[in-house]
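The values are calculated or read from the model by the stated rules, or taken from the named source; none is laboratory data. All values reported here derive from a predicted model rather than from experimental measurement. Here Cβ is always computed from backbone atoms with ideal geometry, including for glycine, and neighbour counts include all displayed protein chains. With ligands, DNA and RNA removed, areas are computed over all heavy atoms of the protein, side chains included. Shrake-Rupley method; radii C 1.70, N 1.55, O 1.52, S 1.80 Å.
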Amino acid sequence: MTTRILCVGDLHLGKRPGRSPAGIDPAELGPAAAWKRCVEIALAQKVDAVLMAGDVVERIEDRFAAFESLRAGVQRLTEAGIRVLGVTGNHDVEALPRLAQLLPDYGLLGRGGLWEEVSLGTADPVSVVGWSFPARHHSDSPLADLPPRTGRGLRLGLLHCDVDQPHSAYAPVTSAELASADADAWLLGHIHTPGALDERTPRGYLGSVVGLDPTETGRHGPWMISVERGALQFEHLPLAPLRWERVVVDVEGGDLLGALDRAASQVERMLAKEGANPLAVGVRVVVGGSPADPDEFERDLRRLREEPFERNGDGFVVFVDKVIDATQPELDVLNRSRRGDHPGLVAKRLVALEEGGDEARDVLRTARKAIGDDIARLAQRLGRENLGIDDETLTRALERAGVEVMAKLVSQVDERPKGAGATATVEATAAEGDDR
Ligand SMILES: [Mn+2]
């Protein structure tokens, strides 16, 4: 008989999706809905245990919202004879122990930063060893005190930690430590991008169960572990009720609506192939190339802010979260941004600024540092404490400057005689969705 264990990564109950399509209650798309799907698959597949790798709850204040969904899930699982075991992460270091106190069937492992091991009592013997954050920050590797195994059978490690970030305040461990630690698999929480756990490398991040913001793209959901005659198998289930994708399309001399429609089709084809069944898919669309009518394209981009683009797919809604305008007909920012030459590096930052993620924040931070003294002087001359330049204003200024710099660099690159000139030739339709 196969032993099945459902492994749940960062859930962050209490956090709400930033954006959702019209007609769908955001509560249907967030962590609580994702947890419900986990419980249902655990019951349907008659798993032996559900393991949770920490950060079940977003913040201490969210334990009220988290309580009922956790309680209901744990009760249904327990009634079906399914064990629920978990460790705390840095986010729920206070909330989870308090919830566990109210939910005696929630098996909190490794309280106070002391490793704890329990046997699942399955036909194929499996034990789970876990460690919980004793405080919000922990700068040492918990693996240093991992006790050696005592029982027979497989040993699964459950840990919330920061891999290969030596200066991290969130339980730093190295991948070498994990590889040599005394366990047959490591199921990790903390980083929301899922790892690539498999038979050969049975250790890594489970990832967030549902993408918590538009940058958490791709497949998200719990992992199903099967144990048969001492051998482990991993399957990442695409159960997230809300999915995020980033798609690159070329406007192909047409209009914005056509480009978005093609982006939606691309997403639908991909999800069908994967067998994912989200309720909604939020897409960031990077549009490159040259539109038929650039003025109309501009107007359409503005209109999109009031009239969002949505399209019904097979059981789910595709909605455009954001369009990243990489159409600079003369400069071809999008294609350039894929290259390592000087205009390419500027183009890359321009695309990042449009997108507004971590990279954009880096660019803004660098810019503020670079102009900080000048601004302070100017403010002083005007007799003001500061000039209150917000991110939006700075972004627009950087974009204008970036386009100008790029135009200059492009003219230099393109004017260079032969050889070098070849790098400036652009493959017109290289854009179709392969930029990851
Ligand atoms: Mn965490």
Condition set assigned to a helix (DSSP H, G or I) and of a type outside the set (Lys, Arg), scope segment 105-127, selection nearest to Gly230 (Cα to Cα): answer is Gly113
- Task: Would you be able to say whether some residue in segment 128-142 is over 19 Å from Ile82 (Cβ atoms) and in a helix (DSSP H, G or I)?
- Result: yes
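Within segment 150-158, is there a residue that is among the polar types (S, T, N, Q), at pLDDT below 95 and open to solvent by 30 Å² or more (accessible area, probe 1.4 Å)?
We begin by selecting, within segment 150-158, every residue among the polar types (S, T, N, Q); these are 150.
Now narrow it down to the ones that are at pLDDT below 95: 150.
Then drop every residue that is not open to solvent by 30 Å² or more (accessible area, probe 1.4 Å), which leaves 150.
The answer is yes; a qualifying residue exists.
Going through Leu239, Leu212 one at a time, which residue ends up being modelled with pLDDT of 90 or more and open to solvent by 20 Å² or more (accessible area, probe 1.4 Å)? Reasoning before the result, please.
Details: Leu212 fails: open to solvent by 20 Å² or more (accessible area, probe 1.4 Å).
Checking each option against the conditions leaves just Leu239.
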Scanning segment 175-196 residue by residue, those open to solvent by 40 Å² or more (accessible area, probe 1.4 Å) and more than 16 Å from the ligand (Cβ to nearest atom) turn out to be Ser175, Ala176, Glu177, Ala179, Ser180, Asp182, Asp184, Ala196
Pairing a residue in segment 72-98 that is within 16 Å of the ligand (Cβ to nearest atom) with any residue that is open to solvent by 50 Å² or more (accessible area, probe 1.4 Å) and of a type in the set (Lys, Arg), where Cβ atoms lie under 7 Å and the two sit 6 or more apart in sequence or on different chains, gives Asn90/Arg136; His91/Arg59; Val93/Arg136; Ala95/Arg63; Pro97/Arg111
Wholly inside segment 286-365, helices (runs of 4 or more DSSP H) that include 2 or more residues that are open to solvent by 60 Å² or more (accessible area, probe 1.4 Å) and either at pLDDT 85 or above or basic (Lys, Arg) (or both) are 294-306, 342-355
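This table checks each residue for (1) within 16 Å of the ligand (Cβ to nearest atom); (2) farther than 24 Å from Asp92 by Cα; (3) surrounded by 18 or more Cβ atoms within 10 Å (Cβ to Cβ).
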| residue | (1), (2), (3) |
| --- | --- |
| His160 | yes, no, yes |
| Pro172 | yes, no, yes |
| Arg203 | no, no, yes |
| Leu206 | yes, no, yes |
| Glu216 | yes, no, yes |
| Ala231 | no, yes, no |
